[in-house]
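S.K.: Have a look at the structure that comes next, please.
The numbers here are math on the coordinates, done by the rules we state, and not lab data. Note that the structure is a prediction, hence the values are computed from the model and not measured. No Cβ is skipped: glycine too gets one built from the backbone with ideal geometry, and neighbour counts run over all protein chains shown.
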Amino acid sequence: MNSTAGTTGRLLWAGLRALLVLTVVTGVLYPLAITGIAQGLFHDKANGSEIEENGKVVGSALIGQRYDLPAKKGEDTPRPDLRFFQPRPSNGLGTNSVNTRYKLILSGATNRAGDNKELISWVRDAKSAVVRDNSVPGHPVDPADVPADAVTSSGSGLDPDISPEYAALQTRRVAERNDLPLSRVRALVEAHTSGRTLGFAGEPRVNVLELNAALREAVGGAG
């Protein structure tokens, strides 16, 4: 009887010691070590790839956001603020009443097939809007020049990037709305165009938040 109780006690004590050791190693030492390495070697990425303007964080380079005008009374969908470069559509995202700038409560695609009537309607409407919004006097946008990323959302709906083609399509409108030379706006796009990862993976891309931050700076400097 005493032997059984002693064996049980030793097993419990061994289990408790293992629990304490593993708690310290995996719950304290390991997280501290990984956090230290991340902060030391990858400080920007570890903190969410934040983008700052005038010392204030305005977003993350990894998450897209919209540039809309304040919604008018009775207006269900706010109109885009055409002073800025516009991102990809974000159909499929959930909405909430707290974070109205990002409209994030979940991410996801539309989950509609290519022949889905609602999806086809969205694409047609988006294409018409891109043509209308980006046509300036003397330079109408040819519908055939509208790239796919201008009228479709990404798999997550949170893509922070657009194609160089879509950025180029918007340059005349952005230049006109901000009273900037077209060459200056085109230079901003070129400066914020990233090539394929490692030279072969993915496609060239333009980060919309970084580009619009540079645009605001250019407008402020011009003023």
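S.K.: With θ set to phi - 60° and the Karplus curve 6.51 cos²θ - 1.76 cosθ + 1.60, what are the ³J(HN,Hα) couplings of segment 150-162 in order, to the nearest whole Hz, using x for Gly and Pro?
M.R.: Result, rounded to whole Hz: 6, 10, 10, 8, 7, x, 9, x, 10, 4, x, 10, 10.
S.K.: Oh, and also: So what is the calculated 222 nm ellipticity per residue for the chain, using -39500 (n - 2.57) for each DSSP H run with n of 4 or more, over all residues, to the nearest 500 deg cm²/dmol? List each step's numbers first, then the result.
M.R.: Details: 7 runs with 96 residues, N = 223.
Result for the chain: -14000 deg cm²/dmol, rounded to the nearest 500.
S.K.: Connecting C-alpha atoms closer than 10 Å in a GNM of the chain, tell me which of ASP81, ASP159, ASP142 has the biggest fluctuation.
M.R.: Per the Cα network of the chain with a 10 Å cutoff, ASP142 tops the list.
S.K.: What ranking, highest mean first, results for peptides 126-137, 203-214 when packing means the other Cβ atoms within 10 Å averaged over each residue? Walk me through the numbers before you get to the answer.
M.R.: On the way: 126-137: 15.6, 203-214: 20.3.
In decreasing order of mean packing, 126-137, 203-214 become 203-214, 126-137.
S.K.: Taking 25 Å as R0, compute the FRET efficiency from the Cβ-Cβ separation of ILE34 and SER194 and round it to 0.05.
M.R.: Details: r = 28 Å, r/R0 = 1.10.
Using R0 = 25 Å, I get an efficiency of 0.35.
S.K.: Compute the normalised compactness of segment 26-96: alpha-carbon radius of gyration over 2.2 N^0.38 Å, N being the residue count.
M.R.: Numbers: Rg = 18.3 Å, N = 71, 2.2 N^0.38 = 11.1 Å.
In units of the 2.2 N^0.38 Å rule of thumb, it is 1.65.
S.K.: Provide, for q = 0.31, 0.34 Å⁻¹, the log10 of I(q)/I(0) from a solvent-free Debye sum over equal Cα point scatterers in segment 2-43.
M.R.: Taking Cα atoms of segment 2-43 as identical point scatterers yields -0.91, -0.97.
S.K.: Can you count the Lys pairs in segment 50-222 whose Cα atoms are under 28 Å apart, with each pair 8 or more apart or on different chains?
M.R.: 9
S.K.: For segment 50-222, what is the Kirkwood hydrodynamic radius in Å, using each pair of distinct C-alpha atoms? Could the numbers behind the result be given before it?
M.R.: Numbers: mean 1/r = 0.0588 Å⁻¹.
Evaluated over segment 50-222, this radius sits at 17.0 Å.
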